[in-house]
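A.B. asks: Quick one: structure below, then a few questions.
No lab work stands behind these numbers, since they all come straight from the coordinates. Keep in mind the model is a prediction, meaning the values are calculated, not measured. Cβ coordinates were reconstructed from backbone atoms using ideal geometry, including for glycine residues, and neighbour counts include every protein chain displayed.
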Amino acid sequence: MDEKHKQLDWYGISLRLHEKYRGKIEVVPKVPIKGLRDLAIWYTPGVAEPSRKIKDNPDLSFRYTFRWNYAAVVSNGTRVLGLGKIGPEAAFPVMEGKALLFKYLGGVDAIPILVNERNPDKFVEVVKALEPSFGAINLEDIESPQCFYILDKLSKELNIPVWHDDQQGTALIVLAALINAFKVVGKDLRNSKIILYGLGAANYAILRMLRAYGVNTGKILVVERPGIGILGPNHPLLNDFKTKMPHWYEASLITNKEGVQGSAEEAFRGADAVIAASRPGPDVIKKEWIKKMAEDPIVFSLANPTPEILPEDAREAGAKVIATGRSDYPNQVNNSLGFPAVFRGVLTVQAKRMSEGMFFAAAEALAKHAEEKGLRENYIIPSMDDSEAYIKEAVAVASEAMKEGIARINLSFNELVSEIRDYVMRPKKYMDLMLSAGFIK
């Protein structure tokens, strides 16, 4: 992003255009309608026949309706990125924007569902009741630690994929970026010393994904807020964590096998990488800490809108590979590289759930695509305008779902690539037509 763009009043422009367009998405027909006779097919009396078929076999709703491509973006507005606990109504523009990205980047029909419920069990019941309408569920911007419970419970009880983008989405993209960052510095990801700075929804999910991917979590150090410090099996507050912060307790048991104690600065000594997903900076992470890391350190400073340490400061302190969550710096770790393609993959084969194997397939497909284009310090992950990356990622996810036997339908590789490519590219072609025809001003 150049200096001219940085100086634009994005908030003012966005507010004005949100009012002008009165929403970012709409429902349009996808079937031909030339006259009233066509409505006898799409509605009464013809519609009774697919309804009778679905009554005998509910899974046929994936064949005869757009449920197969329909995702719910569900939130209660309790932890909206950069805004906090703003409530469901105020979260609506964000969820609608998410639905827009689902469609434009992945060809997925998504709709915002804002739920005025903070009790996690009641929230779960609401989402469970919505299951017959959707092919997949995207949980969004739900406060910690309730988000962990909600995701785990819905994943077990629903017969469609459930995803929490603040957890799995961030973890998947971080894993893809880490795979390539460690290649750039010539180190072994699975046996390196890694710091997780902050243990909210994002870093907790990253820890779980790294563990499942085979990374030695005994060499991972989790640094929490002042007064808590470095987690580990010998932490003096371990018993309190068990009841009050279960995810801290879990992290304490599987990390820091050397029993490192002390301040955050101590954790950085000799570390190969730090993944920060804590609070906006700057100077949350100090330059002096980066200087204590191992040779050619990797710094992922992911807080928005301001990273925990600014890339220029991290570079000056000796960081070799730097990533942020912002588009005006290289190596943007952006969830939008993940969820549209993952959902495209699971919906194309009508998967019953998501799996770690599918997440690994997605991360490795993204990493491989970037590697094929040429890895370097300032390029470890594809950008959001790289449609081919989404296609390869979605194909990898769908292929893994079929391999694991959790897909409702099976397609050949060529059929898979063709259908996914068509749905990923379709919204771009539609946008060109609508703009040229003047239907979108």
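A.B. asks: Which ³J(HN,Hα) values in Hz, rounded to whole numbers, follow from the phi angles of segment 32-41 under the Karplus curve 6.51 cos²θ - 1.76 cosθ + 1.60, where θ = phi - 60° and Gly and Pro get x?
C.D. replies: Couplings: x, 10, 9, x, 5, 4, 5, 5, 5, 7 Hz.
A.B. asks: Another question about this same structure. If the cut-off is a Cα-Cα distance under 24 Å, which lysines reach Lys368, setting aside same-chain residues fewer than 8 apart in sequence?
C.D. replies: Lys183, Lys187, Lys193, Lys320, Lys392, Lys403
A.B. asks: Hey, with R₀ at 41 Å, roughly what FRET efficiency would Glu364 and Ile33 work out to, going by the Cβ-Cβ distance, to 0.05? Could the numbers behind the result be given before it?
C.D. replies: Working: r = 44 Å, r/R0 = 1.06.
That gives a FRET efficiency of 0.40.
A.B. asks: Applying 1/(1 + (r/R0)^6) with R0 = 41 Å to the Cβ-Cβ distance of Gln261 and Glu356, what FRET efficiency is obtained, to the nearest 0.05?
C.D. replies: Values: r = 32 Å, r/R0 = 0.77.
Efficiency, rounded to the nearest 0.05: 0.85.
A.B. asks: Is it possible to state the helix-based mean residue ellipticity at 222 nm for the chain, with each DSSP H run of 4+ residues giving -39500 (n - 2.57), the sum divided by total residues, to the nearest 500 deg cm²/dmol? What is it? Show your work: numbers first, answer last.
C.D. replies: Numbers: 19 runs with 208 residues, N = 441.
Theoretical 222 nm ellipticity from helices: -14500 deg cm²/dmol.
A.B. asks: A follow-up question, please. For segment 417-425, just list the computed ³J(HN,Hα) in residue order, Karplus coefficients 6.51, -1.76 and 1.60, θ = phi - 60°, integers in Hz, with x standing in for Gly and Pro.
C.D. replies: 4, 4, 5, 5, 4, 4, 6, 5, 7
A.B. asks: Can you tell me, using C-alpha contacts under 8 Å and at least 6 residues apart, the relative contact order of segment 174-222 as a whole percent?
C.D. replies: For segment 174-222, the relative contact order is 44 percent.
A.B. asks: What does the highest-first list of 180-187, 20-27 look like by mean Cβ count within 10 Å? Show your work: numbers first, answer last.
C.D. replies: Numbers: 180-187: 18.5, 20-27: 11.0.
Listed from highest to lowest mean packing, they are 180-187, 20-27.
A.B. asks: Additional query: Rounded to whole Å, give me the distance from the Cα center of segment 86-150 to that of segment 200-227.
C.D. replies: So the separation of the two Cα centres works out to 25 Å.
A.B. asks: If packing is taken as the average count of other Cβ atoms within 10 Å, what order do 28-38, 62-72, 197-207 fall into, highest mean first?
C.D. replies: On the way: 28-38: 8.4, 62-72: 19.1, 197-207: 25.3.
Listed from highest to lowest mean packing, they are 197-207, 62-72, 28-38.
A.B. asks: Can you give the local net charge around Met434? Use residues other than it whose beta-carbon is closer than 13 angstrom to its beta-carbon, Lys and Arg +1, Asp and Glu -1.
C.D. replies: On the way: positive: Lys103, Arg426, Lys428, Lys429, Lys441; negative: Glu26, Asp432.
For residues surrounding Met434, the net value is +3.
A.B. asks: Percent antiparallel among DSSP beta bridges with both residues in segment 169-324, to the nearest 5?
C.D. replies: Numbers: 1 of 17 bridges.
So the antiparallel bridges amount to about 5 percent of the total.
A.B. asks: What does the charge dipole of segment 174-313 about its Cα centre add up to, to the nearest 20 debye, if the Cβ of each Lys and Arg holds +1 and the Cβ of each Asp and Glu holds -1? Mind dumping the intermediate values first?
C.D. replies: Working: 17 positive and 15 negative charges, 79 e Å.
So the dipole magnitude of segment 174-313 works out to roughly 380 debye.
A.B. asks: Going by C-beta contacts inside 10 Å, put Met358, Met245, Met384, Met209 in order with the fewest on the left.
C.D. replies: Values: Met358 26, Met245 19, Met384 16, Met209 22.
Listing Met358, Met245, Met384, Met209 from fewest to most nearby Cβ atoms yields Met384, Met245, Met209, Met358.
A.B. asks: Related question: So what J values fall out for segment 51-57 if you push phi through Karplus, 6.51 cos²θ - 1.76 cosθ + 1.60 with θ = phi - 60°, rounded to Hz, Gly and Pro as x?
C.D. replies: The phi angles translate into 5, 5, 5, 5, 4, 7, 8 Hz.
A.B. asks: With an 8 Å cut-off on Cα pairs and a minimum separation of 6 or more residues, tell me the relative contact order of segment 10-160 in percent.
C.D. replies: Values: 170 pairs, mean separation 36.7, N = 151.
The value is 24 percent.
A.B. asks: Would you tally the net charge around Glu308, using a Cβ to Cβ cut-off of less than 13 Å, leaving Glu308 out, and scoring K and R as +1, D and E as -1?
C.D. replies: Working: positive: Arg225, Arg279, Lys286, Lys287, Arg326; negative: Asp283, Asp313.
Counting the neighbours of Glu308, the net charge comes to +3.
A.B. asks: With both bridge residues required to lie in the chain, what share of the DSSP beta bridges run antiparallel, to the nearest 5%? Intermediate values should be presented prior to the final figure.
C.D. replies: On the way: 4 of 34 bridges.
Around 10 percent antiparallel, to the nearest 5.
A.B. asks: Roughly speaking, what is the stretch gain from Leu83 to Lys20, that is 0.36 nm per residue apart minus the C-alpha to C-alpha distance, in nm to one decimal? Display every interim value, and only then the final one.
C.D. replies: Details: separation 63, 0.36 × 63 = 22.68 nm, distance 2.32 nm.
Between Leu83 and Lys20, full extension yields an extra 20.4 nm.
A.B. asks: How high is the relative contact order of the chain? Use alpha-carbon pairs under 8 Å, at least six apart in sequence, and give a whole percent. Can you show the working numbers first?
C.D. replies: Values: 789 pairs, mean separation 60.8, N = 441.
Across the chain, relative contact order equals 14 percent.
A.B. asks: I'd like the distance separating the alpha-carbon centroids of segment 8-59 and segment 165-187, in whole Å.
C.D. replies: For segment 8-59 versus segment 165-187, the Cα centre distance is 37 Å.
A.B. asks: Can you give the charge dipole size of segment 313-388 about its Cα centre, rounded to the nearest 20 debye, using +1 on the beta carbon of Lys and Arg and -1 on the beta carbon of Asp and Glu? Numbers along the way, then the final one.
C.D. replies: Values: 9 positive and 11 negative charges, 61 e Å.
Once rounded to the nearest 20, the dipole reads 300 debye.
A.B. asks: Subtracting the Cα-Cα distance from 0.36 nm times the residue separation, let me have the gained length for Asn57 to Leu8 in nm, one decimal. Numbers along the way, then the final one.
C.D. replies: Details: separation 49, 0.36 × 49 = 17.64 nm, distance 5.40 nm.
Extra length available between Asn57 and Leu8 comes to 12.2 nm.
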